[in-house]
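A short write-up of the structure that comes next.
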Amino acid sequence: SEHRPIIGVHMSSSHFAVSHEIKKGLTPKALPKEFTVSLLNALEVLDFNVILFGTKKEITDLGVAPNMRLKIASDDDITKNLASVNSCHAFIGSDSAFKTMSSMLKIPTIVLYSKEKNNFRDRMFIDPYVKNGVIYPFRYQNFSDNEINTAITFATKTLTKLTR
């Protein structure tokens, strides 16, 4: 299991972002539970090791438990979780500090984010990394079942290309 590529997965956004999004009527950045569970299953089938990042409550709500191939990074000290990003061969997540960390470390990063316009986000945190071949963007409308399936296919094909 040591030779398997390690994929970091972070499905949520910061609490600050969530309250801001709700106030503004925006689509939340956190990825749906169905997407995360399907992604974890697909990564297991593809023989990846995974570090799942999230709060203890988020991990419990997903109903997943750590095992030989799935490590959990949910320390109350966020800096310990952020430090674990460096162990990943590739990373997949929502628009968050974790994807910023993986991008800055030049770890190939798949970012799933809303098609809603956000020039500041795109200019500062997405576009420069896309241009440098670090971020692989997937923009969604509302994460319907169809979009979840499309996103899983995009993620698994991209991760396979990046790590094999």
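The values are calculated or read from the model by the stated rules, or taken from the named source; none is laboratory data. Every value quoted in this text rests on a predicted model; they were computed, and no experiment measured them. Virtual Cβ from ideal backbone geometry, glycine too; neighbours counted across all protein chains shown. In case anyone asks, the SASA skips ligands and DNA or RNA and just uses the protein heavy atoms, side chains included. Shrake-Rupley method; radii C 1.70, N 1.55, O 1.52, S 1.80 Å.
Cross-link pairs exceeding 22 Å in C-alpha to C-alpha distance, out of K56/K161; K80/K131; K33/K117; K29/K56; K56/K157, comprise K56/K161; K80/K131; K33/K117; K56/K157. One decimal place: the segment A65-K33 gains 10.0 nm when fully extended, by the rule 0.36 nm per residue minus the C-alpha distance.
As a length-normalised measure over Cα pairs under 8 Å and 6 or more apart, the relative contact order of the chain settles at 24 percent. Among residues other than P32 with Cβ under 13 Å from its Cβ, the summed charge is -3 (Lys and Arg +1, Asp and Glu -1).
Counting only protein heavy atoms and using a 1.4 Å probe, what share of the accessible area of the chain belongs to carbon plus sulfur, as a whole percent? Could the numbers behind the result be given before it?
Working: 5140 of 8940 Å².
Whole-percent figure for carbon plus sulfur exposure: 58.
With every protein chain present, what is the per residue accessible area of the chain (1.4 Å probe, Å²)? List each step's numbers first, then the result.
Working: 8940 Å² over 164 residues.
Spelled out: the 1.4 Å probe surface of the chain, per residue, equals 55 Å².
3J(HN,Hα) along the range 120-125, derived from phi through the Karplus expression 6.51 cos²θ - 1.76 cosθ + 1.60 where θ = phi - 60°, amounts to 4, 4, 4, 5, 8, 10 Hz, with x in place of Gly and Pro. Relative to its residue count, the chain spans a Cα convex hull of 111 Å³ per residue.
Taking only complete DSSP H runs, can you tell me which helices of the chain stretch 30 Å or more along their own long axis by Cα positions and average at least -1.0 on the Kyte-Doolittle scale?
Values: long enough: none.
Membrane-span-like by this criterion, though nothing is claimed about a membrane: none.
About the centre of its Cα atoms, the chain shows a dipole size close to 440 debye [charges on the beta carbon of Lys, Arg (+1) and Asp, Glu (-1) only; nearest 20 debye].
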